[in-house]
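Everything on this sheet refers to the single structure shown next.
The values are calculated or read from the model by the stated rules, or taken from the named source; none is laboratory data. Being a predicted model, the structure only gives us computed values, none of them experimental. For neighbour counting, all protein chains shown are included, and Cβ atoms are generated from backbone atoms with ideal geometry for every residue, glycine included.
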Amino acid sequence: MTVLEPGVDIGEPTHPGGIGVRCTGVVHLYRTFEGHDVVALQGVDLAVRPGERVAFLGPSGSGKSTLLTLLGGIQKPSAGRIFLGEHEISRLPEPQLARLRSRRVSTMLQGATRNLLSYATARQNVAFARLALTSAERRQAVPETALLARVGLESVADQVVATMSGGQRQRLALACAVSTSPQLLLADEPTSQLSHEDRDAVIGLVHDLGDELGTTIIVVTHQPEVAATFPRTVTMKGGRVGLEGRDGAEYVVIGAEGVVHLPSHLAGQWPQGTLVRIEPEPQDGRDRLVVSRPPEEGG
Ligand SMILES: Nc1ncnc2c1ncn2[C@@H]1O[C@H](COP(=O)(O)OP(=O)(O)OP(=O)(O)O)[C@@H](O)[C@H]1O
Ligand SMILES: [Mg+2]
């Protein structure tokens with residue numbers, strides 16, 4: 001349970017608009033039960049501007065969920081710096097961080113049930129999510145019934161979560177996440193268990209939040225249909241940012257010390273250990289680098 005400390009100034013919580021988030025050189029290790037270290041993130045640099053909407057993509061285990069929880073201040077990075085607006089959350093003491101999280105950020109963790117109180121009703125879950133709001137903010141907020149109706153849960157508003165289907169839980173978790181009008185919404189695979197129709201409704205609700213409040217939105221997804229609704233995509237690869245998509249065009253991102261990942265459709269033809277030359281070759285006034293391999297020796 002979050003303890004709010006009076007007198008910690010984190011700015012106006014109901015300040016309209018989104019909040020930016022950026023990280024530099026973020027590394028994250030997990031210590032396993034057997035005492036081994038697992039490197040989940042190895043040097044992530046990323047900046048998301050206020051009000052921007054980004055989809056995180058990438059294979060299982062590439063670090064998407066880890067990065068999301070770090071950006072939301074739920075975990076602290078092993079190394080590197082993370083800024084939420086002006087605040088360096090990777091260094092903020094826990095009480096201030098808790099306040100920042102509860103008033104400005106909504107994080108929907110992977111697996112809807114982790115975000116909900118199982119033995120409470122849908123309506124009670126929304127009320128619980130709003131506990132950190134002031135009574136004036138609560139009066140201004142969309143009423144619980146109306147919010148639940150927007151995700152198609154009006155008929156189960158008084159049903160306990162434990163008796164709901166996976167899809168209903170996922171829709172409820174999202175309703176709870178948007179119920180506090182956050183400045184940053186982080187949602188980890190919010191539509192993975194939904195039918196096409198419910199998926200579109202849920203993603204519609206996410207974008208409505210952005211349209212109405214200018215909320216900064218980051219969604220992790222494996223679904224191309226969901227990613228296609230976002231103007232920017234960030235593809236994680238082996239704990240780093242591998243690719244970025246802007247308005248439908250894909251870009252490889254140059255990492256620390258000049259590291260470049262080949263796009264996966266080419267990597268098979270250029271296996272690990274291949275020797276290549278990289279030479280500049282300007283053409284039509286554009287900067288170009290040409291990657292070539294020497295002609296095969298022998299037969
Ligand atoms: N609590 C943990 N303890 C140990 N290792 C972990 C833990 N959480 C994640 N990892 C490891 O960190 C790496 C990144 O995991 P992460 O959950 O961030 O990936 P992901 O991209 O979200 O994958 P998925 O698409 O399967 O959800 C993986 O190798 C994973 O096994
Ligand atoms: Mg994940």
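Results, tabulated for the structure shown:
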{"item": "Selected residue (only one of Asn125, Asn115 is within 16 Å of ligand 1 (Cβ to nearest atom), within 23 Å of the chain's Cα centre (by Cα) and crowded, with 21+ Cβ neighbours inside 10 Å)", "result": "Asn115"}
{"item": "Only listed residue being surrounded by fewer than 22 Cβ atoms within 10 Å (Cβ to Cβ), of a type outside the set (Phe, Trp, Tyr) and modelled with pLDDT of 95 or more, chosen from Val27, Val38", "result": "Val27"}
{"item": "Residues (of a type outside the set (A, V, I, L, M, F, W, C) and within 16 Å of ligand 2 (Cβ to nearest atom)) located in the range 100-119", "result": "Thr107, Gln110, Gly111, Thr113, Arg114, Asn115"}
{"item": "Cross-chain or 6+ apart pairs with Cβ under 9 Å, the range 22-41 first and in contact (Cβ under 8 Å) with a residue 12 or more places away in the chain and more than 30 Å from Glu86 (Cβ to Cβ), then of a type in the set (A, V, I, L, M, F, W, C) and within 16 Å of ligand 2 (Cβ to nearest atom)", "result": "none"}
{"item": "Among (1) farther than 24 Å from Thr24 by Cβ; (2) in a helix (DSSP H, G or I), the one test that Leu262 misses", "result": "(2)"}
{"item": "Scope the range 66-99; condition closer than 18 Å to Thr215 by Cα, surrounded by fewer than 21 Cβ atoms within 10 Å (Cβ to Cβ) and within 16 Å of ligand 2 (Cβ to nearest atom); matching residues", "result": "Thr69"}
{"item": "Qualifying residue in the range 198-210 (condition: within 16 Å of ligand 1 (Cβ to nearest atom), touching a strand residue (DSSP E or B) at 6+ places or on another chain (Cβ under 7 Å), over 20 Å from Gln159 (Cβ atoms) and not basic (Lys, Arg))", "result": "no"}
{"item": "Pair list, Cβ < 8 Å and 6+ apart or interchain, from the range 69-86 residues that are hydroxyl-bearing (Ser, Thr, Tyr) to residues that are at pLDDT below 95", "result": "Thr69/Gln75; Thr69/Thr107; Thr69/Leu109"}
{"item": "From Asp284, Asp247, residue being exposed (fewer than 10 other Cβ atoms within 10 Å of the Cβ) and within 24 Å of Val206 (Cα to Cα)", "result": "Asp247"}
{"item": "Residue within the range 212-230 that is closer than 21 Å to Val142 by Cβ, modelled with pLDDT of 95 or more and in contact with a Phe, Trp or Tyr (Cβ under 9 Å, 6 or more places away or on another chain) present", "result": "yes"}
{"item": "Filter result for the condition that a residue is assigned to a strand (DSSP E or B) and either farther than 23 Å from Gly18 by Cα or at pLDDT below 90 (or both), over Glu279, Glu257", "result": "Glu279"}
{"item": "Meets criteria (in contact (Cβ under 8 Å) with a residue 12 or more places away in the chain, part of a helix (DSSP H, G or I) and among the polar types (S, T, N, Q)) for Ser102", "result": "yes"}
{"item": "Residues of the range 114-136 that turn out to be within 18 Å of Ser155 (Cβ to Cβ) and touching a residue at least 12 places away in the same chain (Cβ under 8 Å), as a count", "result": "7"}
{"item": "Matching option when the condition is in a loop (DSSP other than H, G, I, E, B) and near ligand 1 (Cβ under 8 Å from one of its atoms), among Pro59, Pro50", "result": "Pro59"}
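Let's see how each residue does on (1) over 14 Å from the mean Cα position of the chain (by Cα); (2) within 28 Å of Arg103 (Cα to Cα):
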{"position": "Gly214", "(1), (2)": "yes, yes"}
{"position": "Thr221", "(1), (2)": "no, yes"}
{"position": "Val226", "(1), (2)": "no, yes"}
{"position": "Val253", "(1), (2)": "yes, no"}
{"position": "Ala267", "(1), (2)": "yes, no"}
